[in-house]
Every structure is written in C-alpha cells, then in structure tokens.
Amino acid sequence: MKEFSAVVQKMQEKDGSFRLTLDRTAFYPEGGGQLADSGWLKLADGTMVGVIDVQEEEGEIWHTISAD
C-alpha cells in the first residue's frame, strides 16, 4: 500500500521528538527482528512530514515524525 487516508488520534512529545497515532496505518512497526517502516505523511494542508520510526506500545502504533 502506498497511499491511505487517516485521522490523527493522539500526538505527544517524547524525548525531543513528536509522535502520533492514527486511526489506521500502512506503516509497519519495528518488531520480531524487522525494522520499522519509514516514509511520508501528507497533512490536510499539504505539508509533508517524514515518518522516521514506528513503534507499537500497549496496542497503539506510534509514528515518530521528523521536525524538518
């Protein structure tokens, strides 16, 4: 899957980075020896943000986004 639509559910700062959860995702979180997916999210205003890490914590998938 290369494109999908989603709604941001939560956003927080952690260790100097911002991360968010979505109501759905095509990004695979790190686990089982496999590295996390990375890529881009296009926000509603057209801004592109990089996804630099994806982790699953307590059943939620957190996408760490780049500040650039």
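The values are calculated or read from the model by the stated rules, or taken from the named source; none is laboratory data. From a predicted model like this one, the values you see are computed outputs, not experimental measurements. Here the Cβ is made from the backbone with ideal geometry for all residues, glycine too, and neighbour counts use every protein chain on show.
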Check on residue 22, farther than 15 Å from residue 67 by Cα, within 11 Å of the chain's Cα centre (by Cα) and in contact (Cβ under 8 Å) with a residue 12 or more places away in the chain: yes
Cβ pairs under 9 Å, 6+ apart, first in segment 41-62 and within 15 Å of residue 9 (Cα to Cα), second among the basic types (Lys, Arg): 60/10; 62/10; 62/14; 62/19
Those residues of segment 22-58 which are touching a strand residue (DSSP E or B) at 6+ places or on another chain (Cβ under 7 Å), modelled with pLDDT of 95 or more, loosely packed, with under 13 Cβ neighbours inside 10 Å and not in a strand (DSSP E or B), in sequence order: 23
Number of the exception - residue 19 against (1) among the charged types (D, E, K, R); (2) surrounded by fewer than 16 Cβ atoms within 10 Å (Cβ to Cβ); (3) not in a loop (DSSP other than H, G, I, E, B): (2)
